[in-house]
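Below: the structure, in structure tokens.
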Amino acid sequence: MGKALIIGCGGVAGVTARKCCQNSDVFSEILIASRTLEKCDALCASLSGDQTKVRAARVDADNLHEIVSLIDRFRPEVVIHLALPYQDLTIMEACLKTKTNYIDTANYEPPDNAKFEYKWQWAYRDRFEKAGITAVLGCGFDPGVTGVFAAWALKHHFDEIHYMDILDANAGDHGYPFATNFNPEINIREVTAPGAYWENGAWVHTKPMEIKRVYDFPQIGPMDMYLLHHEELESLAVNLKGIRRIRFFMTFSQNYLTHLKCLENVGMTSIDPIDYNGARIVPLQFLKALLPDPATLGPRTVGKTNIGCIFRGTKDGQEKTYYLYNVCDHQACFREVGSQAISYTTGVPAMIGAMLIMKGIWRRPGVFNVEEFDPDPFMVALNKWGLPWAEDFNPALIDDA
């Protein structure tokens, strides 16, 4: 049993905290810290009665000194970073200074440039190795479970994986004209950015939403999906043996895309600051303040998600296809932890990764992506902690882009 520090107090952090409390054999105590102490206090109050001891604290995740001071006072075995990806490097620096293990769910993204890649965090490899501590990057669902799925497929079903398509479908309905299921600022930056996929050792770049496909998802049905650039493509291109092409597709309704295009056309999705009544504001951050908080969507979201990976490769000299996926019900998630499925599918893997670090199963000095560890204990934990997976050995394939 040990202590974990959760930085962040949004929807994902709420799920992770509740799952840590369910897993009190591993998590004896958690400290939930964010910029707004009242939110942390409210979350802790909702967790009362669990065997895991819970506490709240205020911390500015952009302030290195404050984070170091908090870690020094609490002395956790692991810091679970569930705040903003802009803060990855600051929190990693704090973990280095205090020799504390680190885990996050999204890679670093500069605030002034909608470009996410692992180079900034991979640059910490030697320092974490010399400090004797572990950093696990991108341990949500995508990235996260998708990387574990790839490692599992390669270990148990393929000698080489040549093609991998990641499919992220959300058939949930929250009833609002327009809302995002996770942080609006991060979501919109991701969706409006140019697309890209990895093929034959190089990036192929596309316009935003240029490539569309329709796929018939198990338990959901046919949905429109669009090719995006996503961070796990970068690490899997390096770590997945034999890979020739990796793509990422996400579903969007026409209603969502229409609203997004209108907002984009009038400049509301811009990350460039403007002057307004003597103040400098970022339009996208202002839009975020107007949109529903994703943490409040749980009671009103119905439907299911389906996130998984289709693999093509060879086993014993024979061609093989394999589809590995999870289906998650929004209302079932809300009944269990008070959250919709998007937060659930990210928050549960964060707890599992932290658990594996604390138990020493995924602990070795350095900075790693999830696919670099043994996938078996993670796959067992997914079934135990609420994200059971399913397999299809004859899946429909995605047309070539």
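The values are calculated or read from the model by the stated rules, or taken from the named source; none is laboratory data. Note that the structure is a prediction, hence the values are computed from the model and not measured. FYI the Cβ positions are ideal-geometry reconstructions off the backbone, even for glycines, and counts take in every protein chain you see. Surface areas here come from the heavy atoms of the whole protein model, side chains and all, with no ligands, DNA or RNA. Shrake-Rupley method; radii C 1.70, N 1.55, O 1.52, S 1.80 Å.
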| task | From largest accessible area down, sort TYR118, TYR163, TYR108; use a 1.4 Å probe on the protein chains. | result | TYR163, TYR108, TYR118
| field | Which listed pairs, of LYS359/LYS384; LYS241/LYS315; LYS3/LYS130; LYS155/LYS320; LYS241/LYS320; LYS3/LYS359, have C-alpha distances above 20 Å, in listed order | value | LYS3/LYS130
| remark: Once both label points are put 7 Å beyond Cα along the C-beta direction, the THR296-ASP216 separation in nm becomes 4.0
| request: Report the label-to-label distance for LEU397 and GLU129 in nanometres (one decimal), using points 7 Å from each Cα along the Cα→Cβ vector. | output: 3.8
| Using the beta-carbon distance between ILE281 and HIS259 and R0 = 22 Å, what value does 1/(1 + (r/R0)^6) give for FRET efficiency, to the nearest 0.05? | 0.60
| query | TRP152: accessible area at probe 1.4 Å, nearest 10 Å²? | reply | 40
| message | Please compute the modelled spin-label separation between GLN51 and MET268, points set 7 Å along Cα→Cβ, answer in nm with one decimal. | response | 4.8
| request: Express in Å², to the nearest 10, the accessible area of MET223 obtained by rolling a 1.4 Å probe over the protein heavy atoms while all chains stay in place. | output: 40
| said: What whole-number distance in Å separates the alpha-carbon centres of region 163-240 and region 344-365? | reply: 25
| task | Read through the labelled values (i) 30, 26, 21; (ii) 46, 25, 19; (iii) 38, 23, 20 and report the label of the one computed as semi-axes √(5λ) of the Cα gyration tensor in Å from the structure. | result | (i)
| So how much slack lies between ASP374 and THR321, counting 0.36 nm per residue of separation and subtracting their Cα-Cα distance, in nm? | 16.9 nm
| Using alpha-carbon positions, what is the distance between the centroids of region 138-159 and region 251-329, in Å? | 22
| query | How much area per residue is accessible in the chain when the probe is 1.4 Å and only protein heavy atoms are counted (Å²)? | reply | 40
| remark: Volume per residue (Å³) of the convex hull spanned by the alpha carbons of region 18-119 is 107
| field | For region 246-378, with +1 on Lys and Arg beta carbons and -1 on Asp and Glu, the positive-most of PRO273, VAL370, ASN326 along the dipole | value | ASN326
| query | Just how many % of Cα pairs in region 275-401 lie over 21 Å apart, if you round to the nearest whole percent? | reply | 60
